[in-house]
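Following: one structure in structure tokens, then a few remarks.
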Amino acid sequence: MRVVVTRFAPSPTGRLHAGHAFSAIMAHDRARADGGRFLLRIEDIDGTRSRAEHVDGVLADLRWLGLDWDGEVVFQSQRLPHYAEALARLAAMGLVYRCICTRADIAAAASAPHGVGGGLYPGTCRHRAVDPALPHCWRLDMSAAVAQAGGLTWTDELAGDVAADPLAQGDVVLARKDAPSSYHLSVTLDDAAQGVSHVVRGIDLFAATHIHRLLQALLDLPSPVYRHHPLLLGPDGERLAKRTGAPALADLREAGVDGRAFAMDLRAGRLPLGFAVGSD
Ligand code: GLU
């Protein structure tokens, strides 16, 4: 039987709150329950929003919670050539295109009669010649990619076997205007490169897995087992977020709260501060 390898992969763009702690505990405990490995990856491709102080905060928070990780911490900012290589491969397959649309362009096209609603990219640049000197992102030609990959499924420990439906996600960005990759591309490549066997993460990322499963097929990568756990909710029934006042773990740490006891409470469903666990 293969060794269970999970990971916690925060973006160091702010301080972690209890929702992050919950997710890290889930990933850590899933690995440890099977004598497996728990990895830590810092998702810092967003050079404008990532901060070294937040990386230090993540490490301190995990130690405070009593979660130890295996091996070196991996930083996405040090893996950019791998993302560029994968993008070039998809380009050689004719599956990506340059897009110069701004957010405003996309909003205007989506609200036009016959526009694509639901926040999906309307495909404006898909078949037009774009001057490569202009600032551009790279998008996946989703229909072409799906036609090439065929029907796909993934295994989810909580949801069962799931049929991937990446078409519903539209032509997603694989490399941003301001970064040589995107969340979707880098996370898919890194989970494979780090030998992650079980991706344990919040249910808010369930939709992203449709895309990740497709990228795995296109790039000949193994498909891990997934486990999309329910989210921790605040007293208002909404998912925790810094901007809606969820306390930062650093504040609890600095106030002298016992992190290991806090983690045990989260595990046992003894939820502090009026938190609740979402149904799915
Ligand atoms: N970096 C992502 C976040 O902080 C999580 C990535 C993942 O678990 O796939 O939301």
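Which one is least open to solvent (accessible area, probe 1.4 Å), of the residues in the range 169-209 that are among the basic types (Lys, Arg) and away from the ligand (no atom under 11 Å from the Cβ)?
Result: Arg176.
Could you list, in sequence order, all residues of the range 193-245 that are β-branched (Val, Ile, Thr) and over 19 Å from Ile25 (Cβ atoms)?
Of everything in the range 193-245, those that are β-branched (Val, Ile, Thr) and over 19 Å from Ile25 (Cβ atoms) turn out to be Thr209, Ile211, Thr244.
Is the range 253-265 home to any residue that is within 23 Å of Glu157 (Cα to Cα) and part of a loop (DSSP other than H, G, I, E, B)?
no
Check whether at least one residue in the range 175-194 is assigned to a strand (DSSP E or B) and touching a residue at least 60 places away in the same chain (Cβ under 8 Å), and report yes or no.
Checking the range 175-194: at least one residue is assigned to a strand (DSSP E or B) and touching a residue at least 60 places away in the same chain (Cβ under 8 Å).
Being of a type outside the set (Val, Ile, Thr), open to solvent by 20 Å² or more (accessible area, probe 1.4 Å) and farther than 25 Å from Ala241 by Cα narrows it down to one residue among Arg37, Arg30; which is it?
Arg37
The values are calculated or read from the model by the stated rules, or taken from the named source; none is laboratory data. Please read all numbers here as calculations on a predicted model, not as lab measurements. Glycine also receives a Cβ, built like all others from the backbone with ideal geometry; neighbour counts cover every protein chain displayed. Quick note on the areas: whole protein, heavy atoms, side chains included, nothing else; ligands and nucleic acids left out. Shrake-Rupley method; radii C 1.70, N 1.55, O 1.52, S 1.80 Å.
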